[in-house]
Each structure stands twice: as structure tokens, then as C-alpha cells.
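Novice: What follows is a structure written as C-alpha cells; I'll ask about it next.
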Amino acid sequence: MIYGLAWPAGEADSAEAAVAVAPSAVPRHVLSPAAADVLDLATAIARQNNWRTVFLADITRWLDTQQRTWGSIGIDYERVCFELTETPILQLFLTLSQLGHALLCDASRSGLTVHTPNGSWQAGLREREDLRTQLSATLARDWPAYATSVFEKQVRSR
């Protein structure tokens, strides 16, 4: 599951503004029930859509299709994001472009309108799926080495 962090202040074209978490690798006992529920929803939506990578915004969009919100299911969205970021679990911070970050965080059904000095255009499902494909490939390439290095550091420190 990937979720966006607050975009850092400044005019950066890209920034480390997203976090990837492998729901199956997170022991639920270290999380609040709400955070554990979010990871379980991510797993279910990934299976339902045959995705390797779920955006937190995908879950928000799915809730909307069910006429629900995070609050209506008893989850404080901001608190869960903070908890996942601050809990010592295996997570990989990702660098995204501003457009990639906007697509990652977009929970709308219709997509976003992107305004540039050269005009405006609509970014929707195709662009989201392109980002999902790109991030899935990045994680497939980088996650195994990252996870191995984290586990090796833990073993050496014991």
C-alpha cells in the first residue's frame, strides 16, 4: 500500500513524499485496530482488483462507492497515516513528481484537472494506472534489497 505525505514546502519538481508499506509484512499487534483495518482493506482491494500496489486513495474512493467515509467506519484517516509513518515497521519512502503525488492522493472518481502554463488537461484512470504500474515496478526492483538490508541490520545488532 502506498500513501502520500504532505508535499514539502518549496518549488521542488520532485520530493520524497510517499510511503510504501507491505500489509502482509506488518504484525497487526503493533498497530491500533484502525490501522490494522486499513491494511486489511488494502489487502482485500488489491485481491479484488488483481493489483500488486494499492493507493490509500483507492480505499477512500472505494469507500465513496459504498456511500461511506473513513469516519463512518470509525477510522481517523490522519491519525492512521501518522501512526503508520511513525510505527517502526518495514516501510519505504518514495520520491515522486508533483503530478505523481497528486495522482497518488487523488480519491476522486473522475480524476483531476491539471493546469500548466501551456493549458489544462484531465488526468484520470489511465494516468493513475500508469503510476500504479511504475510504482509497482519500482517496488519490485527496490523492495527486496531494502527489506534484506533492514533485516540484516537487525540481525547484526542483536
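Novice: For Ile73 and Gln122, what does the FRET efficiency come to when R0 = 35 Å and r is the distance between their Cβ atoms, rounded to the nearest 0.05?
Specialist: Working: r = 30 Å, r/R0 = 0.86.
Result of the calculation: an efficiency of 0.70.
Novice: Return the FRET efficiency for the residue pair Arg156, Val30: r is the Cβ-Cβ distance, R0 is 25 Å, and the value is rounded to the nearest 0.05. Intermediate results must be reported in sequence, preceding the final value.
Specialist: Values: r = 22 Å, r/R0 = 0.87.
Computed FRET efficiency for Arg156 and Val30: 0.70.
Novice: If you place +1 on the Cβ of every Lys and Arg, -1 on the Cβ of every Asp and Glu, and leave all else neutral, what size is the dipole of region 76-137 about its Cα centre, to the nearest 20 Debye? If you can, show how the numbers build up before the last one.
Specialist: On the way: 5 positive and 8 negative charges, 51 e Å.
It comes to approximately 240 debye.
Novice: Going by amide H atoms built from the backbone, whose H comes under 5 Å of the H on Leu94, apart from near neighbours?
Specialist: Long-range HN contacts for Leu94: Ala17, Ala18, Val19, Ala20.
Novice: Something else now. In whole Å, how far is the Cα centre of region 138-158 from that of region 1-77?
Specialist: Distance between centres, Cα-based: 22 Å.
Novice: If you take the charge dipole of the chain about its Cα centre, with +1 on Lys and Arg Cβ and -1 on Asp and Glu Cβ, which of Ile75, Pro33, Leu96 is farthest toward its positive end?
Specialist: Of the listed residues, the answer is Pro33.
Novice: In whole Hz and in residue order, list the ³J(HN,Hα) couplings for region 80-93 that follow from phi through the Karplus curve 6.51 cos²θ - 1.76 cosθ + 1.60, θ = phi - 60°; x for Gly and Pro.
Specialist: 5, 4, 4, 4, 4, 5, 8, 6, x, 10, 5, 8, 10, 7
Novice: Using a 1.4 Å probe on the protein heavy atoms, what percent of the accessible area of region 32-158 belongs to carbon and sulfur? It would help to have the intermediate numbers written out before the result.
Specialist: Details: 4090 of 7700 Å².
Carbon with sulfur: 53 percent of the solvent-accessible area.
Novice: Turning to a different aspect of this structure: Specify whether the C-alpha gyration tensor of region 80-158 places it in the rounded, prolate or oblate class, a ≥ b ≥ c being the square roots of the eigenvalues: rounded for a/c under 1.5, otherwise prolate if a/b is larger than b/c and oblate if not. Walk me through the numbers before you get to the answer.
Specialist: On the way: a/c = 3.21, a/b = 2.36, b/c = 1.36.
The shape class here is prolate.
Novice: Identify which of Leu112, Leu103, Leu41 has the largest mean-square fluctuation in a Gaussian network model of the chain, with springs joining Cα atoms closer than 10 Å.
Specialist: Leu112
Novice: Run the simple label-point estimate for Arg61 and Ser14 please: 7 Å along Cα→C-beta, distance reported in nm.
Specialist: Placing both labels 7 Å beyond Cα along the Cβ direction yields 2.3 nm.
Novice: Quick check: net charge around Gln122, other residues with Cβ under 15 Å of its Cβ, Lys/Arg +1 and Asp/Glu -1?
Specialist: Working: positive: Arg109, Arg126, Arg128; negative: Asp106, Glu127, Glu129, Asp130.
So the surrounding residues net to -1.
Novice: Assuming a ≥ b ≥ c are the square roots of the Cα gyration tensor eigenvalues, decide whether the chain counts as rounded (a/c under 1.5), prolate (otherwise, with a/b larger than b/c) or oblate. Write out the running numbers ahead of the final one.
Specialist: On the way: a/c = 1.78, a/b = 1.28, b/c = 1.40.
Cα axes put the chain in the oblate bin.
Novice: May I pose another question? How much area per residue is accessible in region 1-70 when the probe is 1.4 Å and only protein heavy atoms are counted (Å²)?
Specialist: Details: 3660 Å² over 70 residues.
The answer is 52 Å² per residue.
Novice: Name the shape class, rounded, prolate or oblate, that the alpha-carbon gyration tensor gives for region 87-129, where a ≥ b ≥ c are the square roots of its eigenvalues, rounded holds for a/c under 1.5, and otherwise prolate holds if a/b is larger than b/c and oblate otherwise.
Specialist: Values: a/c = 3.36, a/b = 1.99, b/c = 1.68.
Verdict is prolate for region 87-129.
Novice: In addition: If you take the beta carbon distance between Thr138 and Gln98 as r and set R0 to 22 Å, what does 1/(1 + (r/R0)^6) give as a FRET efficiency, to the nearest 0.05? Kindly include the intermediate steps, with their values, before the conclusion.
Specialist: Details: r = 17 Å, r/R0 = 0.78.
The calculated FRET efficiency here is 0.80.
Novice: Thr113 versus Asp40, label points 7 Å from Cα toward the beta carbon: distance in nm?
Specialist: In this crude label model, Thr113 to Asp40 measures out at 4.0 nm.
Novice: Ordered by residue, what ³J(HN,Hα) values in Hz, to whole numbers, does region 110-119 give under the Karplus form 6.51 cos²θ - 1.76 cosθ + 1.60, where θ = phi - 60° and Gly and Pro are x?
Specialist: 9, x, 10, 9, 9, 10, 10, x, 8, x
Novice: Could you work out [θ]222 nm for the chain from helices alone, using -39500 (n - 2.57) per DSSP H run of at least four and dividing by all its residues? Round to the nearest 500 deg cm²/dmol.
Specialist: Details: 5 runs with 77 residues, N = 158.
After summing the helix terms and dividing by the residues of the chain, the value is -16000 deg cm²/dmol.
Novice: Something else: Using a Gaussian network model on the chain with a 10 Å cutoff between Cα atoms, which of Asp13, Asp40, Asp106 fluctuates the most?
Specialist: Asp13
Novice: Output ³J(HN,Hα) for region 35-51: one whole-Hz value per residue in order, computed from phi by the Karplus curve 6.51 cos²θ - 1.76 cosθ + 1.60 with θ = phi - 60°, and x for Gly and Pro.
Specialist: 5, 4, 4, 4, 5, 5, 4, 4, 5, 5, 5, 4, 5, 4, 9, 6, 9
Novice: Could you size up the charge dipole of the chain around its Cα centre, putting +1 on the beta carbon of Lys and Arg and -1 on that of Asp and Glu, and report it in debye to the nearest 20?
Specialist: Numbers: 14 positive and 17 negative charges, 105 e Å.
So the dipole magnitude of the chain works out to roughly 500 debye.
Novice: Compute the signed sum of charges (Lys and Arg +1, Asp and Glu -1) over the other residues within less than 13 Å, Cβ to Cβ, of Val54. Intermediate results must be reported in sequence, preceding the final value.
Specialist: On the way: positive: Arg47, Arg52, Arg61, Arg128, Arg132; negative: Asp40, Asp58, Glu129.
Surrounding charge for Val54 is +2.
The values are calculated or read from the model by the stated rules, or taken from the named source; none is laboratory data. A quick note: this is a predicted structure, and the numbers were derived from the prediction, not measured. Virtual Cβ from ideal backbone geometry, glycine too; neighbours counted across all protein chains shown. With ligands, DNA and RNA removed, areas are computed over all heavy atoms of the protein, side chains included. Shrake-Rupley method; radii C 1.70, N 1.55, O 1.52, S 1.80 Å.
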